[in-house]
Each structure stands twice: as C-alpha cells, then as structure tokens.
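Pasting a structure below so you can have a look.
The values are calculated or read from the model by the stated rules, or taken from the named source; none is laboratory data. Computed from a predicted structure; not experimentally measured. Here Cβ is always computed from backbone atoms with ideal geometry, including for glycine, and neighbour counts include all displayed protein chains.
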Amino acid sequence: MSLTSLSLTELRQKLTTKEISAADLVRDVASTIEARNPVLGAYLTWDLDAALKEAETADLTQPLGGLPIAIKDNINVEGQPCTCGSKILAENYTAPYTATAIQNLRQAGAIPFGRLNMDEFAMGSSTENSALGVTRNPAALDRIPGGSSGGSASSVAGGIALAALGSDTGGSIRQPAALCGCVGMKPTYGRVSRFGLIAFASSLDQIGPITRSVADAALLTNHLCGFDPRDSTSLKESVPDFTAVLGRDIKGLRIGLPKEYFIDGLHPDVEASVRKGIAKLEALGAHIEEISLPHTEAGVATYYVLAPAEASANLARFDGVRYGHRSSSANDLMEHYLKSRSEGFGPEVKRRILLGTYVLSSGYYDAYYLQAQKARTLIRDDFTKAFEKVDVIVSPTSPTPAHKLGELIGDPLQAYLEDVFTIPANLAGLPAISVPCGTIAHEGANLPVGLQFITKALDEATLFQAAHAFEVG
Amino acid sequence: MSAHSIDIHRVAKLARLELSDDEATHYAAQLHRVLDHMDTLAKLDLSGVEPTSHALPVYDVVRPDEARPGFSQAQALSNAPKSVLDQFQIPKVIE
C-alpha cells in the first residue's frame, strides 16, 4: 500500500519512530506521481533530486518534519519553475526567491515537492484555462477538477500528493476541493503572507491548504499563518494552535443558512446532499437557523469588476523586459509590449485584462469600479450583521457538480456565475472551508459535493471545530 | 442586444494587447454580456455607502527607511529574456 493514503499525522508518527525516512516518503510520492500523473495531469513538473536533497536535512523533530507538500504553480520556490499555468512564464522563468508561506512550511520541516497545474494566473474555475495541459477530476476522468487550484485538488483527491497548497481569490481552493472530494481552506485575508504568491487580485488573494482531512488542513494552516513585514496587508495577530479544537463537539453552536444561497440555479441533487449534511450538523447538537445575506446576488458582479481591475494592474508587470516571454518580431517598444503580451497570455487572461482595463478607464471608473467597491461594503456588512446572530454560516460550496471537460468553454458569464457561493467570503476577507458532503449519481458518475463553512474574520478555530465535527460525526 | 458599446481596440491598446479583428469581435461580444450582468450594481442603493478597497482595516503600513538586503544585479537579471552590459535590454527608443 502506498504511503500516500495515510494522513499527515499518521505519516509523522512513522517518521518520528523511524519506521520510514523522509526520503522513503518522497520516493513513494514520486512513484505514485509517475504512475498516475499521466492520466490526472495534476502536476506540471516535479524535481525529485531537489526534494531528496531536502529530505536529507529536513528536521524531523518539527511538526511537519519530512512531509512533502505539493505546491500550486503560482507560489515561488527559489530555483524552481513558477509558470502560473501560462506560456508567458513557461519558457524561461526560474523563481529567484522563495515565498514566505514556503519558508514557513520549511521551517516546520516540510519539503515543497512538485508544481501543480492551475487556470492561467488563477483565472478560472476549471483548470481548463491552463496553457500547459489538461487536469482531470479523479472522481470522473472526463470531468473538470474545478479551479483555479485544480492541480492541487486533483493531486490530493487522486492520491498523488499528501497535501497541497492552493490560492483562493474567488473560491479557487474551496471549489476544486468540493468538486474533487477533498478539504480546501481559505484563511482570513491577511493571515497568510502573499509575499511570493504571484498576484492576481491583491485585495482578495489568499494562500491555503488542500488536504484529505480537516485535521491535515488545521495542521498545515498552523504553519502557513503569521505576520510578515514583506506583505503590507499581513495581520499582526497571534496564531492559535488550530489542531487544539479538533474533537470538540458543536452542541449549541449557532449555524446560519443564508436563504439567498438556496436558489434556482442550485442543482437539486447538490441541494439534497447539502440538506442531509445540515441535518447531520443538527443531529450533532448545532442550532440551525435561517439567516439573510441580502446582497449575495450582487457578489458576482462586484467580484468580476474588482478582481479583473486589480488583475489588469498586477499583470502590467509582464512586459517582456524583466522576465517572461519576449516577442522576437517587434520593431519598436510599443510593438514589443503588444506582441510579447499578446503572444504570452491566453484567452481568459486577455478577457479579464480587457474587462479590468475597461472598468478602470476614464469615464467608467465611477460607474463600475467605485460602484463595486461600495457594493463590497454592503456584502461585508451583511456578514457582520449575520455574525451577530450565528457563529458559523453553512452553504453549498458550488451550485453544480463537476462539469464535463469543455462544457463551459465559450460561455464565460455562465462560468463566472457558478462562483456565487464562494466569492462573498473573499470580498469580506473571511475564512472559509469546503468539506466533502457525500456524492451524487449524475450522468453515470458519482460526483463529490462540498459543504462550505464560513466564520467571522480570524475565527479559524471555530471553522475547524465545526468542519471537523461534521467530518467525523 | 447589449446596452453597452466598448471601443475594444482602444481598451486593448490601453492594456497593451494586440487583437486580431476576429478576436476583437469575439471579446467585445463576451464583454458586453458580462457588462450587462454588471448592471445589477446600478440597481443597488449605494447612496452614503463608503467604498471598501480592503476587507480588513490595515492602513498606512510603513517600515523604517533603512537599507535592507535585496536582489543582486545577477539575480535581478537572471530571468531577463535579453540583457546587455548587466542591464535589461529593450528595443531602441531614441533614434
């Protein structure tokens, strides 16, 4: 049996008792990658020699000592590629520095191993926007793994990674975790440093874990969080031990169900699964009540103004001068910019840069960008009011199960609308987690459904407590 | 028919993207649909609402004005598609 089926805690036990070595574990993961990645397409690259070298010196006395963790390909690890799933960084970019989140993991003894596929620059919810290959859902190989952290979810659910890092701007950790049947957690905005995460929308991006259990997610989150002076949005908050709450019951916990999340577009079988999950929470002693987040419907429009606006500014750095693709056919500087960028970026990235540029352009700024920033206030206020009444908000993670590959290509608006349940937590900066909530029989496949938990800012402890009680209950 | 009309070529130029005529037509149609959806924002009563640029209140973060270690010249140039004389090279801008 492969070691990759074990939990991080079980593996740590084997490592500390010297039943296995860190190198054994890295080799075991590598052999599962070699066997299954040709089918799943979760990894873009993996450097076994580098990981084995790190395994030699990994401090096994540390909480993550000797555990290889797979990394979404938008988080810099010095000396490794970091493509963002884009042609523009695929040719000749080697990370010249290491992200703080990776430094923190290493300090806890972990070994970053393998680079995971993603929607180009994290723009998308299916990983089909990667310029570098197709990633498949382990639950049904003709279906999308979700996205943008599709490689992360596919590798973890497919048993070819022990755990992975993803990034979440509008649901990019939680939605693929839901569609593939694993756990995905987005911490409070500012908990995890964004230094070294290639920016998509800076006011929304957050790094987090994708794992096979809530306990594994809590353990990893312990070692991702922390103040970092190199990220000006980093929070100076102490980080509790999130594993300490695992196993606590949820008797009397007040759980709110936002009525705006149980809507027409919600697939009836997904709703049935979610309702069953809610009944389980009630059976565990939680107090369930309906709440209202009245501005939910404005979330998608708000997000798809703000995120592309920020992206259009962030992606201006890809100028073909300092790094990334450079056109060989330009005659002057303007042509150099136009051609380098147009040859390097794929269609969804171009679409969002155009949208972002438009909403920020003279004459439209007030109508779109400023309006969206105000709408963001209303969405945030909805949550503030809701958390006066409840401790946790529970909802479906995604309104539909995994689509077939290719099903939504060419209909960007429909794809955007499916982010409706995950976007609000990003706009409000709140922590949220998706936990497996059964499977549904759909078009001949058994497809995973995810249940989303949201708490108030910095209350990850309650989030893990509720999610863990649900998972083991 | 969309109520919006985007001058897609102007926007593309601002974004430093070059679009073929086919791409321009294609993107313009898709963006019109997306912008139609964004009209939901116009229906909200936003009078007196303050804009939010960041979800959590972290403002005016400064650090001491002191030199600190950074990239060496070689590191900074390590990913440059073209460099010359230890500098980034760009197409000629002055005749």
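So is B:Leu35 in contact with a helix residue (DSSP H, G or I) (Cβ under 6 Å, 6 or more places away or on another chain) and part of a helix (DSSP H, G or I) or not?
no
Scan the stretch A:400-446 for residues that are charged (D, E, K, R) and within 14 Å of another protein chain (Cβ to nearest Cβ) and report the count.
Residues flagged as charged (D, E, K, R) and within 14 Å of another protein chain (Cβ to nearest Cβ) within the stretch A:400-446 amount to 3.
So if I check each of A:Gly324, A:Gly265, which one is of a type outside the set (D, E, K, R), within 12 Å of chain B (Cβ to nearest Cβ) and out of contact with any strand residue (DSSP E or B) (no Cβ under 8 Å at 6 or more places or on another chain)? Don't jump to the end; show me each part of the working.
On the way: A:Gly265 fails: within 12 Å of chain B (Cβ to nearest Cβ).
Matching residue, one of A:Gly324, A:Gly265: A:Gly324.
Within the stretch B:12-22, how many residues turn out to be closer than 20 Å to A:Leu333 by Cβ and either among the acidic types (Asp, Glu) or at the interface with chain A (Cβ under 7 Å from one of its Cβ atoms) (or both)?
As a first pass, look at the stretch B:12-22 and keep what is closer than 20 Å to A:Leu333 by Cβ: B:12-19.
Subsequent filtering for residues that are either among the acidic types (Asp, Glu) or at the interface with chain A (Cβ under 7 Å from one of its Cβ atoms) (or both) retains B:12, B:14-18.
Within the stretch B:12-22, residues that are closer than 20 Å to A:Leu333 by Cβ and either among the acidic types (Asp, Glu) or at the interface with chain A (Cβ under 7 Å from one of its Cβ atoms) (or both) number 6.
Same structure again: Assuming A:Asn37 fulfils every condition listed in (1) in contact with a Leu (Cβ under 9 Å, 6 or more places away or on another chain); (2) at pLDDT 95 or above apart from one, which condition is it?
Result: A:Asn37 fails condition (1) only.
Of the residues that make up the stretch A:455-468, is at least one modelled with pLDDT under 95 and surrounded by fewer than 20 Cβ atoms within 10 Å (Cβ to Cβ)?
Checked against the condition, which is being modelled with pLDDT under 95 and surrounded by fewer than 20 Cβ atoms within 10 Å (Cβ to Cβ), the stretch A:455-468 yields no hits at all.
Also, I was wondering about something else. Among the residues of the stretch B:73-95, count how many are over 15 Å from A:His325 (Cα atoms) and within 8 Å of chain A (Cβ to nearest Cβ).
4
Any residue in the stretch A:235-253 that is on the phi > 0 side of the Ramachandran plot, surrounded by fewer than 24 Cβ atoms within 10 Å (Cβ to Cβ), more than 14 Å from chain B (Cβ to nearest Cβ) and not in a helix (DSSP H, G or I)?
Yes, because at least one residue in the stretch A:235-253 is on the phi > 0 side of the Ramachandran plot, surrounded by fewer than 24 Cβ atoms within 10 Å (Cβ to Cβ), more than 14 Å from chain B (Cβ to nearest Cβ) and not in a helix (DSSP H, G or I).
Which pairs turn up if I take residues in the stretch A:96-114 that are within 14 Å of another protein chain (Cβ to nearest Cβ) and at pLDDT 95 or above and look for partners that are surrounded by fewer than 18 Cβ atoms within 10 Å (Cβ to Cβ) and in a helix (DSSP H, G or I) with beta carbon separation below 6 Å, at least 6 apart in sequence or on another chain?
Partner pairs satisfying both residue conditions: A:Pro96/B:Gln75.
If you go through the stretch B:49-72 one residue at a time, how many are over 30 Å from A:Val321 (Cβ atoms) and more than 8 Å from chain A (Cβ to nearest Cβ)?
4
Among the numbered criteria (1) in contact with a Gly (Cβ under 7 Å, 6 or more places away or on another chain); (2) assigned to a helix (DSSP H, G or I); (3) at the interface with another protein chain (Cβ under 7 Å from one of its Cβ atoms), which single criterion is violated by A:Val305?
Just one mismatch for A:Val305, condition (1).
Further, regarding this structure: Tell me, which residue of the stretch B:49-86 that is loosely packed, with under 14 Cβ neighbours inside 10 Å and of a type in the set (Val, Ile, Thr) is modelled with the lowest pLDDT?
Among those that are loosely packed, with under 14 Cβ neighbours inside 10 Å and of a type in the set (Val, Ile, Thr), it is B:Val61.
I've got another one for you. Condition first: closer than 18 Å to A:Gly124 by Cβ and in contact with an Asp or Glu (Cβ under 8 Å, 6 or more places away or on another chain). Now tell me which residues in the stretch A:423-439 satisfy that.
A:Asn426
Would you say A:Lys339 is facing chain B (nearest Cβ under 10 Å) and more than 24 Å from the chain's Cα centre (by Cα)?
Values: facing chain B (nearest Cβ under 10 Å): yes; more than 24 Å from the chain's Cα centre (by Cα): yes.
Against the criterion (facing chain B (nearest Cβ under 10 Å) and more than 24 Å from the chain's Cα centre (by Cα)), A:Lys339 qualifies.
Moving on. Consider A:Asp49 carefully, then state whether it is of a type outside the set (A, V, I, L, M, F, W, C), surrounded by fewer than 18 Cβ atoms within 10 Å (Cβ to Cβ) and assigned to a helix (DSSP H, G or I).
yes
Which number in (1) of a type in the set (S, T, N, Q); (2) touching a helix residue (DSSP H, G or I) at 6+ places or on another chain (Cβ under 9 Å); (3) farther than 26 Å from B:Gly48 by Cα marks the one condition that A:Thr384 misses?
(3) is the only condition that A:Thr384 fails.
Another question, if that's okay. Any chance you could count how many residues in the stretch A:79-107 are in a loop (DSSP other than H, G, I, E, B) and either among the β-branched types (Val, Ile, Thr) or within 16 Å of A:Gly208 (Cα to Cα) (or both)?
The qualifying residues number 3.
OK, next. Yes or no: the stretch B:45-64 includes at least one residue that is closer than 30 Å to A:Asp231 by Cβ and acidic (Asp, Glu).
Looking for residues that are closer than 30 Å to A:Asp231 by Cβ and acidic (Asp, Glu), one finds at least one in the stretch B:45-64, hence yes.
Using beta carbons and a limit of 7 Å, which pairs, at least six apart or on different chains, have the first residue in the stretch A:338-358 and in contact (Cβ under 8 Å) with a residue 60 or more places away in the chain and the second one part of a helix (DSSP H, G or I) and hydroxyl-bearing (Ser, Thr, Tyr)?
Going by the 7 Å Cβ cut-off, the qualifying pairs are A:Arg351/B:Tyr27.
Within the stretch A:176-197, can one find any residue that is crowded, with 24+ Cβ neighbours inside 10 Å, under 30 Å from B:Gln73 (Cβ atoms) and within 14 Å of another protein chain (Cβ to nearest Cβ)?
Checked against the condition, which is being crowded, with 24+ Cβ neighbours inside 10 Å, under 30 Å from B:Gln73 (Cβ atoms) and within 14 Å of another protein chain (Cβ to nearest Cβ), the stretch A:176-197 yields at least one hit.
Still on this structure, I have one more. Mind checking which pairs have a first residue in the stretch A:363-383 that is facing another protein chain (nearest Cβ under 9 Å) and touching a residue at least 24 places away in the same chain (Cβ under 8 Å) and a second that is hydrophobic (A, V, I, L, M, F, W, C) and not in a helix (DSSP H, G or I), Cβ under 7 Å, 6 or more apart or different chains?
Filtered contacts from the stretch A:363-383: A:Gln371/B:Leu46; A:Ala375/B:Leu44; A:Ala375/B:Leu46; A:Leu378/B:Leu44; A:Leu378/B:Val49; A:Arg380/B:Ala55.
Of the residues A:Glu289, A:Glu282, A:Glu310, A:Glu297, which is at pLDDT below 95, farther than 30 Å from B:Val84 by Cα and not in a loop (DSSP other than H, G, I, E, B)?
A:Glu297
Can you spot a residue in the stretch B:38-48 that is under 30 Å from A:His325 (Cα atoms), β-branched (Val, Ile, Thr), surrounded by 12 or more Cβ atoms within 10 Å (Cβ to Cβ) and facing chain A (nearest Cβ under 8 Å)? Explain how you work it out, then say what you get.
The first filter runs over the stretch B:38-48 and keeps only residues under 30 Å from A:His325 (Cα atoms), leaving none.
Within the stretch B:38-48, none of the residues are under 30 Å from A:His325 (Cα atoms), β-branched (Val, Ile, Thr), surrounded by 12 or more Cβ atoms within 10 Å (Cβ to Cβ) and facing chain A (nearest Cβ under 8 Å).
Applying the selection to the stretch A:199-231, what residues are under 30 Å from A:Ile353 (Cβ atoms) and among the hydrophobic types (A, V, I, L, M, F, W, C)?
Residues of the stretch A:199-231 that are under 30 Å from A:Ile353 (Cβ atoms), as a first pass: A:199-210, A:224, A:228, A:230-231.
Within the stretch A:199-231, A:Ala199, A:Phe200, A:Ala201, A:Leu204, A:Ile207, A:Ile210, A:Leu224 meet the criteria.
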